[in-house]
1. If the cut-off is a Cα-Cα distance under 23 Å, which lysines reach LYS147, setting aside same-chain residues fewer than 8 apart in sequence?
2. In terms of the Cα gyration tensor, with a ≥ b ≥ c the square roots of its eigenvalues, is the stretch 60-187 rounded because a/c is under 1.5, prolate because a/b exceeds b/c, or oblate?
3. Expressed in nm to one decimal, what extension gain is obtained for the pair THR169 and TYR260 from 0.36 nm per residue of sequence separation less their Cα-Cα distance?
4. Quick one: grab the alpha carbon gyration tensor of the stretch 89-164, order the square roots of its eigenvalues as a ≥ b ≥ c, and give me rounded if a/c is under 1.5, else prolate or oblate depending on whether a/b is larger than b/c.
5. In the stretch 170-260, what GluC sites (Glu not before Pro) fall in a loop by DSSP, with at most 12 other Cβ atoms inside 10 Å?
6. So for CYS254, CYS97, fewest C-beta neighbours within 10 Å to most, what's the order?
7. Counting only other residues whose beta carbon sits under 13 Å from that of GLU244, what net charge do I get with K and R as +1, D and E as -1?
8. When DSSP assigns beta bridges and you keep just the ones with both residues in the stretch 1-141, what percent turn out antiparallel, to the nearest 5?
Amino acid sequence: AKAAGRRTWRFFDPSMQARMQAHAALAHAMRLGIEQQQFLLYYQAQYDDQQGLIGAEALVRWQHPERGMVSPAEFIPVAENTGLILPLGRWILDAACAELARWQQHPESASLSVAVNISVLQFRQPEFVDEVLACLARHQVSPQQLKLEITESLLLNDDEMQDTINKMTELQQVGIRFALDDFGTGYSSLSYLKKLPLDQLKIDQSFVRDMLTDPHDRDISRTIISLAQTLELSVIAEGVEQLEQKEQLALFGCHAYQGYYFGRPMPATDFVQALIQPPTR
Ligand code: C2E
Ligand code: CA
Ligand code: CA
Ligand code: CA
């Protein structure tokens, strides 16, 4: 048995073996974490030049009892590979809608929207549309206030294109909006963009980061903005950390922003206190 075991191990290099064990351990811890409610949502403000605060993106956080805060960049890929993104994604949508319901009870926050990140596997579930609609109904929130962020990886497979269009159309008909996240980093062809019932392109932070110093990134940002205008989509830039980036983007015609310059992701209570009900002075 030992020899056979050895032979099997030869297919893996040690670093790969270590990585697989780390993944398995993380997946196990996640399963427990979902049961024990160790996940929470942070909210990051989205601003518009004319309307001011327009809403927030919900970003999941994992508060592990021993590991501390685990970054989604670390656990989302594991969740996607193990299917754990399905129960987690369901919880995320539910928690975001619950928060939206609280916002809708107060006039000063009733018009704010929440953007929720949706993984491909989650979107591909046959019951996805029904789950989203049931979630809105359960919390009695208006669909116009919910935005779903999808990525170009959803558009990779031609065979599933019609399914994607059908689901998006069904959700858009009740008023839910769609943003294409990380735009420009994937492989989506422009012909797909025309076919999809999208509302918004989200300029990836990798282009915004160096747009003041790298002419290439500046040109890409400008091109995405004019593409959005051509397709009659709104556009929002993520990763805006400096006033100069915001000003440059505004010159190009982008007037909605998200990034550290406007605010870091924060727990819902802090978000409400800092941005929706700022202390009167
Ligand atoms: P993303 O959807 O592109 O989210 C934006 C990421 O950029 C967030 O990282 C956010 O904290 C960070 N960020 C925002 N403003 C700035 C800025 O000005 N500068 C810099 N350097 N970074 C900024 P986060 O929260 O660590 O999330 C990382 C990724 O994990 C997300 O990228 C998304 O792909 C995934 N993710 C996060 N929450 C969820 C979720 O609820 N569901 C799913 N499926 N994926 C999620
Ligand atoms: Ca996002
Ligand atoms: Ca993004
Ligand atoms: Ca990104």
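Just so it is clear, none of the values below were taken in a lab; they were calculated from the coordinates. Every value quoted in this text rests on a predicted model; they were computed, and no experiment measured them. Note that we place each Cβ from the backbone using ideal geometry, even for glycine, and neighbour counts take in every protein chain shown.
1. Counting by Cα, and skipping residues close in sequence, LYS147 has these lysines nearby: LYS167, LYS194, LYS195, LYS202, LYS246.
2. The shape class here is oblate.
3. 29.5 nm
4. prolate
5. GLU232
6. Ordered from fewest to most neighbouring Cβ atoms within 10 Å, CYS254, CYS97 come out as CYS97, CYS254.
7. Taking every other residue near GLU244 into account, the sum is 0.
8. Once the DSSP bridges in the stretch 1-141 are tallied, antiparallel ones form about 75 percent.
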